[in-house]
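Presented below is the structure to which this report refers.
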Amino acid sequence: MVRLFVVLTAAGSGTRLGCGMPKALVPVAGRPLLEWALKGLPSCDFVVVNAPSAQLDRFQSVVSGFDFPTLVVPGGSSRQGSVAAALRALINAVGPARDDDLVLVHDAARPFTPSAVFDRVVAALRDGHRAVVPALAVTDTIKVVAPRTRPDEPVEIVTTTPNRATLRAVQTPQGFYLHELAALHERFAERAIAESTAFSDDAALYEATNQPVVTVVGDYAAYKITTPADLTLAEFQHSPHR
Ligand code: CTP
Ligand code: MG
């Protein structure tokens, strides 16, 4: 039997949300985002959840309401560092990675991801792809800008406009073979020290080593709760009084 594991990244502070608590503990319709995210996971062999180190107990108490095997581990100083710590803890808990072990890395900040997205990622892995990301076409025109020369400079200089037809906004869950993803995280561990040097998703580690990454169709419902407006939308969608 092929084993399926999940790393649920939830160690972020939620600075842009500005609720004064870690984002995964912010309630929507009375339940913390972490609980919604756990409820949305597919059935799997083991889940590792990253938590801010000061909140391990609180996260543990949310996680213990679920009956699959889980472990809550402290996150790192970047999302990449959190995933690396989770992968180490996972391999410690379940034993050395087997060649066919699969792992999905998913953000607790995308708590309403439809099960069909998980299914498409796993199906593409089973079809032989080694790194799979859900993706959507972008609707905005995206510009590349040059770094500001002074922090108080009111304008930024636009350098280029990539052809929008070639751009995709990518989501999670992202799917991989556990032994390959764990090895890449060990190889690039130095970059995980700060968000400014870290990779912002897991597929980027494959791209950095010229290994193929493929997309499957994502879903707007898998949007990332980042700003207060996202939280308002989530409340509206999940309010019991709607
Ligand atoms: N994450 C993590 N460890 C970190 C940073 C982020 O596990 N050191 C997780 C977050 O919990 C989230 C996902 O990575 O599930 C995506 O990060 P983001 O949306 O940026 O969440 P936060 O970092 O919490 O938000 P902000 O950047 O506004 O502080
Ligand atoms: Mg962040």
Q: Pairs of Cα atoms under 8 Å, at least six residues apart: use those to get the relative contact order of segment 1-78, whole percent.
A: 35
Q: Identify the residues of segment 36-51 with backbone N under 14 Å of a label point that sits 7 angstrom from the Cα of Ala93 along the Cα-to-Cβ direction, or state none.
A: 38, 44-51
Q. Counting only residues 5 or more places away or on other chains, whose amide H sits under 5 Å from the amide H of Val73 once H atoms are built in the peptide plane?
A. Val49, Asn50, Ala51
**Q.** Arg150-Ser13 FRET efficiency (beta carbon distance; Förster radius 25 Å; 0.05 resolution)
**A.** 0.35
**Q.** the chain - charge dipole about Cα centre, Lys and Arg +1 at Cβ, Asp and Glu -1, debye rounded to 20
**A.** 300
(Q) At most 15 other C-beta atoms within 10 Å and a DSSP loop state: those are the exposed GluC sites (Glu not before Pro) I care about. Give me the longest piece of the chain that has none. (A) 1-155
Q | Förster radius 45 Å - calculated FRET efficiency between Ala54 and Thr161 (Cβ-Cβ, nearest 0.05) | A | 0.60
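Just want to confirm a number: the relative contact order over the chain, from Cα pairs under 8 angstrom separated by 6+ residues, in percent.
25
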**Q.** Most positive-pole-ward Cα, Pro111, Ser61, Leu90, against dipole of segment 15-144 from beta carbon charges
**A.** Pro111
Q: If a/c stays under 1.5 just call it rounded; otherwise compare a/b with b/c (prolate if a/b is bigger, oblate if not). Do that for segment 183-229, with a ≥ b ≥ c from the square roots of the Cα gyration tensor eigenvalues.
A: oblate
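Please figure out what share of the DSSP beta bridges in the chain is antiparallel and state it in percent, rounded to the nearest 5. Could you put the intermediate results ahead of the total?
On the way: 13 of 32 bridges.
Taking every DSSP beta bridge with both residues in the chain, the antiparallel ones total about 40 percent.
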Q | Enclosed volume per residue, in Å³, of the convex hull spanned by Cα atoms of the chain | A | 156
**Q.** segment 1-131 - share of DSSP beta bridges that are antiparallel (%, nearest 5)
**A.** 10
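Given 0.36 nm per residue, what is the gain on full extension from Ala189 to Ser239 after removing their alpha carbon distance, in nm? Could you put the intermediate results ahead of the total?
Details: separation 50, 0.36 × 50 = 18.00 nm, distance 4.10 nm.
Full-extension gain reported as 13.9 nm.
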Q.
For segment 129-192, which trypsin sites (Lys or Arg not before Pro) pass both filters: DSSP loop (anything but H, G, I, E, B) and at most 16 other C-beta atoms within 10 Å?
A. Arg130, Lys143, Arg148
Q: Please find, in a Gaussian network model of the chain (springs between Cα atoms separated by less than 10 Å), the residue of Thr141, Thr113, Thr172 whose mean-square fluctuation is greatest.
A: Thr141
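Since every read-out is calculated from the coordinates, none of them should be taken as a lab result. Note that the structure is a prediction, hence the values are computed from the model and not measured. All Cβ positions, glycine included, derive from the backbone under ideal geometry; neighbour counts span all protein chains shown.
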